[in-house]
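Report on one structure; see the data block that follows.
Values quoted throughout were computed directly from the atomic coordinates according to the rules given, and no laboratory measurement underlies them. All figures in this text were calculated on a predicted structure; none of them were measured in a lab.
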């Protein structure tokens with residue numbers, strides 16, 4: 001898949017986190033980077049744009065990352081979900097992986113971690 005067609009969704013309640021991730025992803029040559037500040041917004045973006053990859057924060061208002069991931073899986077949406085969290089407790093990690101998360105990144109991440117995941121998916 002070319003970088004032109006490749007779409008990434010960043011879902012995090014922190015605007016700063018979204019901005020930092022977007023910079024890394026666009027620097028990696030991906031032109032379409034969508035943003036959402038909670039799970040509800042993310043589900044709307046997924047329905048409208050069908051991104052291939054999603055970076056999903058766990059702790060967010062309105063709809064958290066685990067509930068969002070459950071909803072994605074319930075609707076059988078084909079998207080690779082990478083969970084991101086500062087509160088990387090074993091419980092969160094286990095729940096995310098049980099729900100079918102593709103990978104897990106702990107904040108603060110290194111730019112190379114994000115690039116490696118994207119390269120692996122592409």
Of 47, 38, 64, the most mobile residue in a GNM of the chain (C-alpha springs, cutoff 10 Å) is 47
Per principal axis, descending, Cα span of the stretch 1-121 in whole Å: 34, 29, 25
Top mean-square fluctuation among 30, 58, 66, Gaussian network model of the chain, C-alpha springs under 10 Å? 30
Rg and Dmax of the stretch 46-95 over Cα atoms: what are they, in angstrom? 11.0, 33
For the stretch 12-122, what's the relative contact order in percent, using C-alpha pairs closer than 8 Å and at least 6 residues apart? 23 percent
